[in-house]
Amino acid sequence: MTRERLSGWGRGSWSVSDVTHPGTVEAVSAALSTARRGVDRSSRGVLVRGLGRSYGDAAMNAGGHVLRLDAFDSIGPIAEDGTVSVGAGTSLHALLAHAVPLGWFPPVTPGTQHVTIGGAVSADVHGKNHHRDGSLGAHLTHVDLVTGEGTPRRLLPGEAAFDTVVGGMGLAGAILEVGLRLRRIESATMTVHTTRTPDLDATMDQLRADDARHRYTVAWVDTLARGTSLGRGVVTSGDHAPASDDGATGLSAYRSRALLGAPPWLPSGLLTHSRMRLFNEAVYRRAPARPTVTMGSIPSFFHPLDVVSNWNRAYGRAGFVQYQFATPDPDLVAEAIVTLQHAGVDGFLAVLKRFGPSASGPLSFPTPGWTLTLDIPAERSVAPVLDRLDQRVAESGGRTYFAKDGRMRPQFVTTMYPRLDEWREQRARLDPHDVFASDLSRRLKLC
Amino acid sequence: MLTALATPQSVLVLGATSDIATAVLDRLARNAPLERIVLAGRAGAHRDAEVARAGALTTPTGRVEVVDFDALSPEDSGPALEAVFDAGDIDVVILAFGVLPSESDAHDPAAAAAAATVNFTGAVYALTLVGERTRRQGHGTVVVLSSVAGERPRRSNYLYGATKAGLDAFATGLGDALHGTGVSVLVVRPGFVHTKMTSGMAPAPLSVRPEAVADAVVGHLGRGSRTLWVPRTMRPVMSLLRHLPRPVFRRLPI
């Protein structure tokens with residue numbers, strides 16, 4: 001057991017926990033039995049932490065016990081229908097390296113491959129194909145976990161307990177193994193359609209159109225552009241290229257690795273408003289004036305931010321917060337961009353996407369409509385602006401994402417997640433002694 | 001825990017009627033309203049007034065709590081203070097109680113000792129309790145209002161200076177002892193601050209308002225244990241004064 005100082009990917013807040021790496025189911029059960037907060041009021045509980053890519057405090061447990069399940073990293077044989085059992089500590093990176101050369105692809109992948117499967121299920125991650133394929137939870141055959149009572153249990157889709165754990169942010173049990181249904185692919189290449197859009201209406205129209213024609217779609221949005229250029233962007237849509245396509249790379253040629261490491265510390269203030277505007281202008285101009293079709297590699301299409309490892313260091317010591325919301329109301333997207341501009345808050349690396357039908361978990365983030373994600377340098381003065389946005393998001397019938405949030409106040413949670421009480425009830429059945437806790441659950445008073 | 005924007009949800013104030021503590025609460029709430037404010041101090045009209053004020057600084061679901069605390073007999077508040085932490089995490093603790101002994105107090109052994117008990121011993125009790133509980137939490141920031149008066153005793157207020165010197169050393173050492181536990185101790189050394197405590201006195205050079213102290217405190221949350229001088233120029237000024245030869249220092253009209 002080591003005492004470690006942990007943070008989220010945004011490095012905005014830190015807390016100290018005792019970290020262990022249990023190697024067996026028995027060791028996991030034993031760890032859980034010592035942290036029954038329902039019995040011992042002074043206990044701080046237990047949390048499983050994956051690769052720490054959640055931006056806020058979802059993978060932190062101040063004063064408590066944190067489990068790392070890197071020992072649970074097996075990948076079973078892939079059946080003919082694409083089903084495979086994967087240890088919860090396996091990273092998506094490892095799964096891709098194993099599965100792509102064999103002609104299989106994860107059904108859903110988020111913007112980084114450096115997440116554990118257990119973490120991905122706990123956050124019910126979504127990807128560029130949500131409009132067509134939903135979130136990760138829709139592609140599971142089973143979830144094996146250890147409950148708060150220390151009992152191993154297999155959960156199946158359709159059970160209330162399954163819906164409690166998927167998207168449950170690690171608060172309902174310690175996931176040890178997940179059954180996934182992979183998708184067949186023929187090449188390691190993507191056919192990519194790139195379209196530059198001059199304003200928000202054009203960006204949203206293009207996304208609507210591309211969603212009907214392509215499996216994977218996303219838009220980069222210039223959130224610093226004003227006036228008639230408000231919401232201008234670049235829409236990239238793609239599909240797995242069939243083996244027969246010109247330029248399609250064979251599966252065995254698949255490679256994925258970081259090309260550059262960012263320096264360990266950069267002075268804060270590197271990213272000024274004018275530099276961000278220059279960057280955005282360059283990105284917009286670099287995109288072709290007319291729609292193009294190109295071939296792209298899997299890493300460059302799905303995981304562009306992984307190219308520079310530890311890119312979160314570029315923001316300097318102050319860290320940054322990521323703000324992501326989903327809303328059924330398209331007008332809220334424009335309102336959010338304008339609100340940030342008027343408040344002088346620079347939203348950077350903004351991404352817009354449409355969500356399709358949502359999953360069945362009460363705490364699953366995606367809701368049909370639109371989702372906007374932005375990086376914002378973490379300055380105190382930003383707090384009231386984001387509080388105001390939270391209120392507008394809640395009023396619109398939308399919600400923010402627990403995997404990204406590090407600063408929201410608890411008062412909006414029940415409006416944003418109307419089935420929260422239902423989730424709490426089901427969670428209490430899986431964890432009657434209140435073992436699982438995180439800094440997120442304490443801040444938002446989830447359980 | 002401090003959020004990703006270094007804003008706290010819950011604050012414990014020891015010395016509820018301190019003008020500086022009030023200014024810090026105001027400044028914190030301006031960034032983000034608080035979920036929980038605990039005001040510890042002696043019962044009375046002053047404390048009641050602060051409780052009423054604090055009500056405006058919380059979120060719709062937030063609450064203000066009151067604890068009886070007298071630094072002359074701090075152990076009486078032990079169970080109540082432990083209960084504050086039992087009821088939920090405290091993100092920021094502000095230690096703001098203290099007395100400025102009068103000219104006559106300095107000549108009365110009992111009054112002088114009482115001033116030392118309030119400013120130093122009471123603080124040792126409170127900081128030890130708070131240090132233990134925040135360490136167990138795995139996070140927390142303890143703000144201790146020291147003073148430049150503690151840097152070198154002056155013949156005009158050596159009693160006050162001595163109590164602050166003791167408090168300062170204890171708090172600084174505590175901050176070092178808590179390194180690596182997730183808890184930070186911010187030792188604040190203001191010069192002359194215009195508060196109830198100094199009302200009627202001729203202000204010294206480089207005097208500030210409580211808001212300036214509050215700005216410095218809030219600006220340093222989340223940045224680790226350190227000593228803050230307010231205003232910042234106090235640091236080189238005190239360094240100069242500390243190194244004057246004693247026969248010279250003794251004759252200064254301060």
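What follows draws every value from the coordinates through simple rules; no lab data is involved. Keep in mind it's a predicted model, so treat the numbers as computed, not measured. Cβ placement follows ideal geometry from the backbone for every residue including glycine, while neighbour counts extend to all protein chains displayed.
See the values below:
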quantity: Alpha carbon convex hull of the range A:160-248, volume per residue in cubic angstrom; calculated: 179 Å³
quantity: Pairs of alpha carbons in the range B:14-69 whose separation is greater than 18 Å (percent); calculated: 23 percent
quantity: Spacing of the two label points (7 Å from each Cα toward its C-beta) at B:V51 and A:R286, in nm; calculated: 6.1 nm
quantity: Order of A:K445, A:K353, B:K196 - criterion: other Cβ atoms within 10 Å of each residue's Cβ, fewest first; calculated: B:K196, A:K445, A:K353
quantity: Per residue convex hull volume, Cα atoms of the range B:1-124, in Å³; calculated: 108 Å³
quantity: Furthest towards positive pole of dipole, A:G361, A:G344, A:A394, structure part the range A:339-399, Cβ charges; calculated: A:G361
quantity: Dipole magnitude of the range B:41-154 about its Cα centre (Cβ charges: Lys, Arg +1; Asp, Glu -1), debye to nearest 20; calculated: 340 debye
quantity: At most 12 other Cβ within 10 Å, DSSP loop - trypsin sites (Lys or Arg not before Pro), the range A:34-134; calculated: A:R41
quantity: DSSP-loop GluC sites (Glu not before Pro) across the range A:1-110, with at most 16 other Cβ within 10 angstrom; calculated: A:E80
quantity: Interatomic Cα distance distribution for the range A:385-447, bins of 10 angstrom, percent; calculated: 20, 51, 24, 5
quantity: Under 20 Å from the Cα of B:K164 - lysines, other chains or at least 8 residues apart; calculated: B:K196
quantity: Residue-count net charge about A:F348 - beta-carbon cut-off 12 Å; Lys, Arg +1, Asp, Glu -1; calculated: -1
quantity: Long-range tail of P(r) for the range A:24-63 (Cα pairs > 12 Å, %); calculated: 65 percent
quantity: Percent RCO, i.e. relative contact order, over the range B:133-254, from Cα pairs under 8 Å lying at least 6 residues apart; calculated: 28 percent
quantity: Simple Cβ-charge dipole of the range A:124-255, Lys/Arg +1 and Asp/Glu -1, about Cα centre, in debye nearest 20; calculated: 160 debye
quantity: Distance between modelled label sites at B:R30 and B:E82, nm, 7 Å Cα→Cβ extension; calculated: 3.9 nm
quantity: Beta bridge orientation in the protein assembly as shown: antiparallel %, DSSP, nearest 5; calculated: 60 percent
quantity: Order of B:I254, A:I376 under a 10 Å beta carbon neighbour criterion, fewest first; calculated: B:I254, A:I376
quantity: Quotient of C-alpha Rg and 2.2 N^0.38 Å, computed over the range B:63-166; calculated: 1.18
quantity: Low-density loop positions, trypsin sites (Lys or Arg not before Pro), the range B:110-192 - DSSP coil, at most 11 other Cβ in 10 Å; calculated: B:R155
quantity: Cα→Cβ-extended label distance, 7 Å offset, between A:H21 and A:V338, nm; calculated: 5.3 nm
quantity: Sorted by Cβ neighbour density within 10 Å, fewest at the top, the residues A:Y323, B:Y158; calculated: B:Y158, A:Y323
quantity: Two-decimal log10 I(q)/I(0) for chain A, as the Debye equation yields it once each C-alpha is a single scatterer, q = 0.07, 0.10, 0.12, 0.13 Å⁻¹; calculated: -0.33, -0.70, -1.03, -1.22
quantity: Whole-Hz couplings from phi, Karplus 6.51/-1.76/1.60, listed for the range A:124-139; x for Gly and Pro; calculated: 6, 4, 10, x, 5, 9, 4, 4, 10, 10, x, 9, 4, x, 7, 10
quantity: Reachable lysines, given that their alpha-carbon falls under 26 Å from the alpha-carbon of A:K445 and they are not under 8 places away in the same chain; calculated: A:K404
quantity: Value of relative contact order over the range A:58-116, rounded to a whole percent, pairs C-alpha under 8 Å and six or more apart; calculated: 28 percent
quantity: Semi-axes of the equivalent ellipsoid for chain B, Cα gyration tensor, largest first, Å; calculated: 29, 20, 18
quantity: Rg ratio (alpha-carbon, reference 2.2 N^0.38 Å) - the range B:128-167; calculated: 1.57
quantity: Dipole magnitude of the protein assembly as shown, debye to nearest 20 (Cβ charges: Lys/Arg +1, Asp/Glu -1, about Cα centre); calculated: 2080 debye
quantity: Dimensions (Å) - the range A:37-183, Cα atoms, principal axes, largest first; calculated: 50, 31, 29
quantity: Where only C-alpha atoms are counted, convex hull volume of the range A:333-387 per residue in Å³; calculated: 98 Å³
quantity: Calculated diffusion of the range A:166-210, Stokes-Einstein form, Kirkwood radius summed over Cα pairs, 25 °C and 0.890 mPa s, µm²/s; calculated: 159 µm²/s
quantity: For chain A: relative contact order, % (alpha-carbon pairs under 8 angstrom, 6 or more apart); calculated: 19 percent
